[in-house]
Structure formats: structure tokens, C-alpha cells
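Colleague: Take a look at the following structure, please.
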Amino acid sequence: MALLEVRGLKLYYKTVRGPIKAVDDVDFSVEKGETLGLVGESGCGKSSVAISIIRLLPRNVEVYEGRIFFDGIDLMQLSEEDFRRKIRWKRISMVFQGAMNSLNPVLKVGFQVAEPLVVHQNMDKEEAVRRAKELFKLVGLPPDFVERYPHELSGGMKQRVVIAMALALNPEMVILDEPTSALDVSIQAQIMNLLKSLKRELGLSMIFITHDIALASDICDKIGVMYAGQIVELSSIENVLLSPKHPYTQKLIASVPLLRGDRVPEFIPGAPPDLVDPPPGCRFHPRCPHSDGMRCVKDVPPMVGVEGDHFVRCWLYSGGLK
Amino acid sequence: MTDLLLELQEIKTYFYVRKGLFKTMTIKAVDGASISIKKGETVAVVGESGSGKTTLGKTALKLVTPISGKIIFEGKDVTNLHEKDLKWFRRKAQMIFQDPFTSLNPYMTVRQIIEEPLIIHGFDEKEREERVFKALEDVRLHPPQDFVKKYPHMLSGGQRQRVGIARCLVLEPTFIVADEPVSMIDASSRAEILFLMRSLQKKYGMGIMYITHDIATAKFFSDKIAIMYAGKIVEIGETQKVLKNPLHPYTATLIEAVPDPDPKNRFNIRKVVPGEPPNPINPPPGCRFHPRCEFKVQGLCDVEEPPEVAFEKGHFVKCWLHTEKARKSA
């Protein structure tokens, strides 16, 4: 059985214009030790999936439903208090987008890493800082950096601190939301190497959220491509990158400028839809070169399996176009 | 050479920050950079944050004045011209900004945004309208009469950036600095904006300085590439040649750090340089890259600044590895 299983997840936000359907019927699973990449453009709902799993929702949530099983536990049935005590940070933790810039400037970074140990495991402060030193070593920071303040660290080091924080309670799963998007490319490569070695050494399961499908290929075993609140294609990284099925995935891959190839990058005309009022039928149809103007416009395509474990949400693969 | 548009010669742009009551610190944002741009040519300036690439772009437009060096634009030295003698230059040299979400005034319509430079330069109303519509056609915001009335919030990121490009085009510039024009735009639309800039360049023949941290887009949308590190241009040459045969260890690192989408990537640990770019207040002596360089020659790279070496025609590198001196001391 998969470590994490998400079925029919929905997350809508309340606004004056009507609900924003940020996550609309999303299914996926993550096995133990596996890394799933969620890839999509800004506003496609990938971060909303993350906060739904770790249940850190803003106040304006209108709909939050579906089923999330973690190691056999139905997370949606847990009370807020149980979720906080048993799951969040202890078993599933998260590295938030831009988290390195939200470190508390007046506290030493070592204490900030040790804090969850004091709160969750009733460790005394000295012991917790000792553990923080071990964590620093794990993420490639000198242990005596626990005594430093955030302004004394560079961007890459702060990102390492934030990763150490997520690992403090030995979680089985870490959600990483754009963990390198604020970093320079040479530092990004360092952090990706760190994540790869953590994945291998600790057998961590990860959900890696990014807009950069090339970066996802650096760590992910499986990829879910998101468009307008839905996963449109889900399979192993080999399947998605080498034989993409959904027209959106094909276009997304074609839009990556290759440094080691001569293929000229393409682009997708138009812009992603407004999630208050997404297009009927397939949400990609207004930008899709294959849209038949009939079925694609009227009916929502189901998620179907092609060639075993390769799932795609497109009429081309379920009954064909009209 | 008549097709030379802009020449930056040994530009040094420093900033001074007060520290405490009496101390001032010097930030050497650009520290001796030379570049020339021809008509109809795109030169990419690639570097990480803090490398001085944006400052170099602003200096080229004389939005900041360098402390030394020369800016020669269309054969005239504009380095120390007073602002009131620069109006002709301001018309010819324009900028496209990074963030299309903050560089357009939310209270102005698309027409007002694009029209403003024309008002400043004293065009009459009829010509203003003609030029606004032409610029919108040029950036493919069809039909223009629908777009002129819109406000920025009604547009997508890509459309906003096209308004930014239209604003820069109305004065018919011959030189454009595009500072990270696509970094805030979704990956799927980046190529669209860059293709648009390319086609406008073909039509009007302007020279473009394309400032970016993304070496992969530079590969497809520039003729020449300059790699900046800590205020210096460490390598410059034709884009295809530099990428195929990077001479500076830093250039090679930048290329190595960028993944292509390949499922095999996840099994490899990427070769990376340790450490981070230096602080421009107190850069390391000698070659600024030496603390991170795996090929550094002790007693040379950390002491003396490397000279600029011509590798082949138009391909220059600032690195001791390509000099006689290093071979002797190695």
C-alpha cells in the first residue's frame, strides 16, 4: 500500500467573485521512498495541494474535501488537535516557498531548528540544540553555525537551515514547495544534490513542487502535471518526459530551452484560465491544438490509464474526439 | 565600423553606502567591464544575482553614471553629458523591465501607459494615437482598439510584458536593455515573448542587451554572450562558441548547473562548485572566482588579477589557465 494516497481532493477558496477552484478533483499516491513531482505553471494549484495535505489552510476556504490516507490513517477524519500532535511535522513536514526569508531574525538559527523538538518531544533546550547540530551536519552546514543569526548566513545556507527544520522530527514525508526558486543556479545545484543524498540516505518520501519540469527531472521518480487545478497527466518520469501523452505536457516540455540540444523552444499561446470560472469540458481546450470543438468543449475528460501506470486526462485517449 | 551601436569601455560603477557615522563602504557593482553591441545584434549578459549585470545595463542607459570608463553611443561619448543634453539619447535607448506586475501603473490604461513617453517628447495627439496603435500591433495585442482601454490587472503576465515592450517601442529606439524580461513569466510563454523581441529586432534593427540569469534562454535568443562574475566580465564571445567550448571554469559551472529534462538526471549527483558568489564590498584578491575554482594555481590566481586573453577572434576569457604564466608556474 502506498504511503500517501490522495483521492478526489478538492480545495476551493471563497472570494467575492465566487469560489476559486484551486484544487479540483486530484488523485495521486506516493510510495515509500518515492519522490513525486508536481509540475505546473503559476496558479495551477500545486501549492494548494501541498497545504491541503499538511492541513495549513487559510481562513477563506470554502470547500475542503476528498480523502487523504497516510500510512493507512484517514487524515481527513483526524481532529485538528490529533493532526497537529500526530501528523504535522512528526510524520509529514514541509519546506515552504521562500521559507528561508521567513526565519526569525532575532533568534539563533540553531534554536529555530530545535524548537519543534522542544515543543513536540519535550526535549530540554540543550539536548535539542545538540540534535540541531546533528541535523546541521546532515544538511551540510558546520555544526557551530547553530549559534548564528539568519543575517549571518547566505541564501543557500538559510535554505539548508529550513531543510534541517523540516527534518527535525524524522518525518517519513517532506513536501518541498519550490525549494530552490529564490536561489542562484549554482546554489540551486548544490541544494538539489543535498536533496538527492537525503532521499537516498534517509529513504525519505517527497513531494517536490516546481514550475520547472527540467528541475523536476533531477530528483523525481514520478511526475504529476497540473493544469488549472487538476492533474492532467501522471506517470513515471520516464513516461512523462520521453512519451508525454497530454497535449499540455507535450507543449510544456517543448517550451523548455535545451542547453544540450538544438531543438528550438516552443510556446503555448494564450494564458492559463481564471479558476473562478474555468472553461467547461477540458480546461486546456482553449489553448489545445487538438481540440475538436465538440466533446473537448462540452464534457470533462476522465482520468484514464494508458499503457498500465500512465494516466492522462484527455479525450484523445478515452474514446477519441468527435 | 559604422554598424557599431554602443560601446562600453572599461566601465566601473561603484555605489557608496554609509556605515555608521563616518565610514563609507564601496560596493564595486561593475568593476571594469567592456562590451560592444552592433545594430541588429543581441548580446546576452549572464550572471547570478549580485554579479552586476543589472547595474551594467543601467549604466549602458546612463541611468547611473559610471565612476570611470566611457559610454559611446552611435559614435558620441555620452558618459558625462548633462541630462538636458541627453534627450535625444533617452529617445533612442529604452528599457524593458523585469516585473510586468509592478512596472505598469495600475491606475493607467494601456493607452496612457504607452502614450506617456510620447507626451514627454512632445508628439501631437494624432501622431501619438498612430504610434500607440502601431506599437500594439507590433507586439501582437490584437485588436489594438480593445486593448487601449484596458487596465493592467485585466491582462495576463505575458500580455502585460507585451505592453511593457510596446511602451519601449513607441519612441522607435535603436538600443534596448531588456532586464530579465521573462523571468516572471510562466515557462510556457517565455519563448513567445523572446520570439517577439527577435522578430521586432529583425523588423527595426535595434541592438538589444539581454540581461538574464538563464543561460538556456540566452543560448537561443542572443548572438553574443558575456558571462559576469562579481562585477567583471569573465568570458565573452559568440553564444554558440562560448556554450560549446566554455573557457572559464565559471562558465562551465553555470552550464553544468542547469538541468535539461532527462529522466536519467536523478541518478547522478551534479558537479557543483562549493561556496557562494563573493560580497561585492570586499571581493577576493586576484581572480574573483579563485576561492571556488578547482583549477586555481596557488600564488597566482589568488594574488594577481588575470588578464584578458583572446582565444580566437571575438572570444575572450579572463583566466590564468589560458596564459603562458600559469603553464610555467604549474
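What follows is calculated from the coordinates using simple rules that are stated; it is not laboratory data. Note that this is a predicted model, so its numbers are computed, not measured. A quick note on method: Cβ atoms are made from the backbone with ideal geometry, for glycine too, and the neighbour counts reach across all protein chains shown.
Colleague: Of everything in region B:276-297 that's at the interface with chain A (Cβ under 9 Å from one of its Cβ atoms) and in a loop (DSSP other than H, G, I, E, B), which residue is nearest to the chain's Cα centre (by Cα)?
Modeller: Among those residues, the one meeting the criterion is B:Pro277.
Colleague: On to the next question. Considering only region A:178-205, how many residues are of a type outside the set (Gly, Ala, Ser) and facing another protein chain (nearest Cβ under 7 Å)? First the steps, then the outcome.
Modeller: If we filter region A:178-205 for residues that are of a type outside the set (Gly, Ala, Ser), which is where we start, we get A:178-180, A:183-185, A:187-188, A:190-196, A:198-202, A:204.
Imposing the further condition that a residue be facing another protein chain (nearest Cβ under 7 Å) reduces the set to A:184-185, A:187-188, A:190, A:192-193, A:196.
So the answer is 8.
Colleague: Quick check on region A:270-296: of everything there that is surrounded by 21 or more Cβ atoms within 10 Å (Cβ to Cβ) and in contact (Cβ under 8 Å) with a residue 24 or more places away in the chain, which residue is farthest from the other protein chains (Cβ to nearest Cβ)? I'd like the intermediate steps shown before the answer.
Modeller: Of region A:270-296, the ones surrounded by 21 or more Cβ atoms within 10 Å (Cβ to Cβ) are A:272, A:275, A:282-285, A:296.
Those still in the list that are in contact (Cβ under 8 Å) with a residue 24 or more places away in the chain too: A:272, A:275, A:282-284, A:296.
Details: A:Pro272: 7, A:Leu275: 13, A:Cys282: 17, A:Arg283: 14, A:Phe284: 11, A:Cys296: 19 Å.
Only one residue fits best here, namely A:Cys296.
Colleague: Right, another one. Can you pull out the residues in region A:45-73 that are surrounded by 15 or more Cβ atoms within 10 Å (Cβ to Cβ) and on the phi > 0 side of the Ramachandran plot?
Modeller: Hits for region A:45-73 are A:Gly45, A:Arg55, A:Gly66, A:Asp71.
Colleague: Please state which one of A:Ser205, A:Ser186 is free of Cβ contacts under 8 Å to residues at least 24 places away in the same chain, among the polar types (S, T, N, Q) and crowded, with 21+ Cβ neighbours inside 10 Å.
Modeller: Values: A:Ser205 fails: free of Cβ contacts under 8 Å to residues at least 24 places away in the same chain.
Only one candidate qualifies: A:Ser186.
Colleague: Select from region B:197-236 the residues that are among the hydroxyl-bearing types (Ser, Thr, Tyr) and touching a residue at least 24 places away in the same chain (Cβ under 8 Å) and write down the one among them that is surrounded by the fewest Cβ atoms within 10 Å (Cβ to Cβ). Explain how you work it out, then say what you get.
Modeller: Within region B:197-236, the first condition is being among the hydroxyl-bearing types (Ser, Thr, Tyr), and the residues that meet it are B:199, B:204, B:210, B:212, B:217, B:222, B:229.
From what's left, touching a residue at least 24 places away in the same chain (Cβ under 8 Å): B:204, B:210, B:212, B:217, B:222, B:229.
On the way: B:Tyr204: 15, B:Tyr210: 28, B:Thr212: 24, B:Thr217: 24, B:Ser222: 26, B:Tyr229: 28.
The extreme case among them is B:Tyr204.
Colleague: Can you name the number of the only condition in (1) touching a residue at least 60 places away in the same chain (Cβ under 8 Å); (2) out of contact with any strand residue (DSSP E or B) (no Cβ under 8 Å at 6 or more places or on another chain); (3) among the polar types (S, T, N, Q) that A:Ser93 fails?
Modeller: Result: A:Ser93 passes all but (2).
Colleague: Something else now. Looking at region B:177-196 only, could you name the residues that are surrounded by 24 or more Cβ atoms within 10 Å (Cβ to Cβ) and either within 13 Å of the chain's Cα centre (by Cα) or away from chain A (no Cβ under 12 Å) (or both)?
Modeller: Within region B:177-196, B:Val177, B:Ala178, B:Pro181, B:Val182 meet the criteria.
Colleague: Within region A:236-269, which residues are within 27 Å of A:Met294 (Cβ to Cβ), more than 8 Å from chain B (Cβ to nearest Cβ) and not in a helix (DSSP H, G or I)?
Modeller: Matches in region A:236-269: A:Ser243, A:Pro244, A:Lys245, A:His246.
Colleague: Kindly provide the set of residues from region A:208-235 that are more than 14 Å from the chain's Cα centre (by Cα), buried (at least 24 other Cβ atoms within 10 Å of the Cβ) and more than 9 Å from every other protein chain (Cβ to nearest Cβ), ordered by number.
Modeller: Hits for region A:208-235 are A:Val232, A:Glu233, A:Ser235.
Colleague: Please work out if B:Pro249 is within 18 Å of B:Glu48 (Cα to Cα), in contact (Cβ under 8 Å) with a residue 24 or more places away in the chain and of a type outside the set (Gly, Ala, Ser). Spell out the reasoning first.
Modeller: Working: within 18 Å of B:Glu48 (Cα to Cα): yes; in contact (Cβ under 8 Å) with a residue 24 or more places away in the chain: yes; of a type outside the set (Gly, Ala, Ser): yes.
Judged against the criteria, B:Pro249 is a match.
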